[in-house]
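The values are calculated or read from the model by the stated rules, or taken from the named source; none is laboratory data. Only a predicted model underlies this, so the values are computations on that prediction, with no experimental measurement involved. Quick reminder, even Gly has a Cβ in these numbers, built from the backbone with ideal geometry, and neighbours come from all protein chains shown.
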Amino acid sequence: MVSGRRRKRMIAEAEKYTYPPIQGCLPEKILPSGCALVLEGGGTRGFYSSGVFEAFLDAGIMFPYIAGVSAGAANAVTYLSGQKLRSRQIVEHYVGNPKYVSVRNFIFRRSMFHFDYIFHTIPQRHV
């Protein structure tokens, strides 16, 4: 059982990483049916891709087919929802958080990224 003092610290820590929902803005221009967007996985490569998706949303471009793996799949969901700044805000806000990315994660989880934290905890705070 968690003590009252520890619970208050946990809540205060969680509130530091909470944002209000981001409004979506879906693109107006859908490319021809022969076009597809295939997105790579690989953690930090997803940071670059999220900026490219912001540019696509700014230009109003939507692909009829989208496939993604790992970080690419997470970026694809953000892109399809039309939430331009979501990926950038998450990366900028959490990059210094050792639960998000750290050598400690690599030692204990065999990955620099803590995927349970990334795919469960963070989305619950940004919904």
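Against the conditions (1) farther than 18 Å from residue 112 by Cβ; (2) assigned to a helix (DSSP H, G or I), where does residue 38 fall short? Just the number, please.
Just one mismatch for residue 38, condition (2).
Between a first residue in the range 39-50 that is closer than 12 Å to residue 78 by Cβ and a second residue that is at pLDDT 80 or above and part of a loop (DSSP other than H, G, I, E, B), which pairs have beta carbons less than 8 Å apart while being 6 or more apart in sequence or on different chains?
39/69; 46/40; 46/70; 49/40
Inside the range 77-89, can you point out the residues that are buried (at least 21 other Cβ atoms within 10 Å of the Cβ), in a helix (DSSP H, G or I) and touching a residue at least 60 places away in the same chain (Cβ under 8 Å)?
86
Keeping to the range 90-124, report how many residues are in a helix (DSSP H, G or I) and closer than 20 Å to residue 75 by Cα.
Adding up the residues that qualify gives 15.
Within the range 46-76, can you find the residues that are exposed (fewer than 15 other Cβ atoms within 10 Å of the Cβ) and either at positive phi or in a helix (DSSP H, G or I) (or both)?
Once the filter is applied, which keeps residues that are exposed (fewer than 15 other Cβ atoms within 10 Å of the Cβ) and either at positive phi or in a helix (DSSP H, G or I) (or both), the range 46-76 yields 48, 51, 52, 55, 58, 59, 60.
Which one of these does residue 113 not meet: (1) over 17 Å from residue 41 (Cβ atoms); (2) touching a residue at least 60 places away in the same chain (Cβ under 8 Å); (3) not assigned by TED's automatic domain parsing to the domain that holds residue 43?
Single failed check for residue 113: (1).
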